[in-house]
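Engineer: Take this structure, written in structure tokens, and hold onto it; I'll ask about it next.
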Amino acid sequence: MKVSDAVTTRKTMRAFRADPVPEETVREILRLAARAPSGGNVQPWRVHVLLGAARDELVARVAAARKEFPMGEAPEYHVYPPDLTEPYRTRRFRVGEMMYATVNIPREDKAARIRFFSRNWQFFDAPVGLIFTMDRQMQQGQWADLGMYLQTIMLLARQYGLHTCPQEAWAVWHRVIRSYLDVPENEMIFCGMGIGYADETAPVNGLVSERAPLEEYVTFHSAIAGTV
Ligand SMILES: Cc1cc2nc3c(=O)[nH]c(=O)nc-3n(C[C@H](O)[C@H](O)[C@H](O)COP(=O)(O)O)c2cc1C
């Protein structure tokens, strides 16, 4: 598979088939993903792989916790800046609207939107769930490293015919995850990720998110600044 094919065919899938993913495949992806770069080769990532009954148990614990906190607790970090400004705000809004349009859930139908969103906490039925944590001492540079690691996993998944769903939605269940997976207090729970075979027939997986044109965010410099 060409790198560009992995990049262009990777997209967030939100419906997976039940077909199991061999543990060995997940190991292989993680072994290779470890080649992701990190500043100072710090390799700040930590990963929990949830398969079979272990995965189902997390899903069940969150379902039980929802009786007290229907939408989870405040995450340990700001998933988005508290006052996201333009153009980022509109981009975020648009992808949400586009996603709910694929499943015919209008803005007014809050209950249906919540029902759909809460499928995050079932890994959208993906048979493999990953939880990513990182030591709290880490700084911006290491968050970037973690992001590169996530993308490396997602691109490698494509080579095995697998798709992924990166999920910050798990951040609101840090207490449940911490106690279940015995995550030490010095680690922050960043996000989850579902991995599996996409249900290509599911309308939500038809979503192709937009991207801003290069001109909006790239500046090419060819002459020495200030001389033209
Ligand atoms: C770190 C990270 C966390 C994300 N968390 C969620 C999530 O909790 N639920 C979800 O449905 N999508 C989540 N997404 C997917 C984004 O919405 C998606 O990447 C973006 O809209 C671009 O679409 P694409 O991935 O299909 O190209 C997340 C993406 C990233 C990179």
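Engineer: Please find, within the stretch 164-220, the residue that is nearest to the ligand (Cβ to nearest atom) out of those that are without any contact (Cβ under 8 Å) to a residue 12 or more places away in the chain and over 30 Å from residue 86 (Cβ atoms).
Structural biologist: This residue is 200.
Engineer: Picking from 180, 149, 160, which residue would you name as being under 13 Å from the mean Cα position of the chain (by Cα) and among the hydroxyl-bearing types (Ser, Thr, Tyr)?
Structural biologist: Step by step, each of 180, 149, 160 is checked, and only 149 is under 13 Å from the mean Cα position of the chain (by Cα) and among the hydroxyl-bearing types (Ser, Thr, Tyr).
Engineer: Residue pairs, Cβ under 9 Å, 6 or more apart or interchain, first in the stretch 130-152 and of a type in the set (Gly, Ala, Ser), second away from the ligand (no atom under 11 Å from the Cβ). List them.
Structural biologist: Filtered contacts from the stretch 130-152: 141/38; 141/39; 141/40; 141/42; 141/44; 144/38; 144/39.
Engineer: Another question, if that's okay. If you scan the stretch 147-181, which residues turn out to be of a type outside the set (Val, Ile, Thr) and part of a strand (DSSP E or B)?
Structural biologist: Across the stretch 147-181, the qualifying residues are 163, 165, 166, 167.
Engineer: With the requirement that a residue be aliphatic (A, V, I, L, M) and under 17 Å from the mean Cα position of the chain (by Cα), what does the stretch 59-98 give you?
Structural biologist: The answer is 59, 79, 95.
Engineer: Please find, among 67, 11, the residue that is within 16 Å of the ligand (Cβ to nearest atom) and under 30 Å from residue 103 (Cβ atoms).
Structural biologist: 11
Bear in mind these aren't lab numbers, they're just calculated from the coordinates by the rules spelled out. Keep in mind that what you see is a predicted model, and the values were worked out from it rather than measured. Using ideal geometry, Cβ is built from the backbone for each residue, glycine included, and neighbour counts are taken over all protein chains shown.
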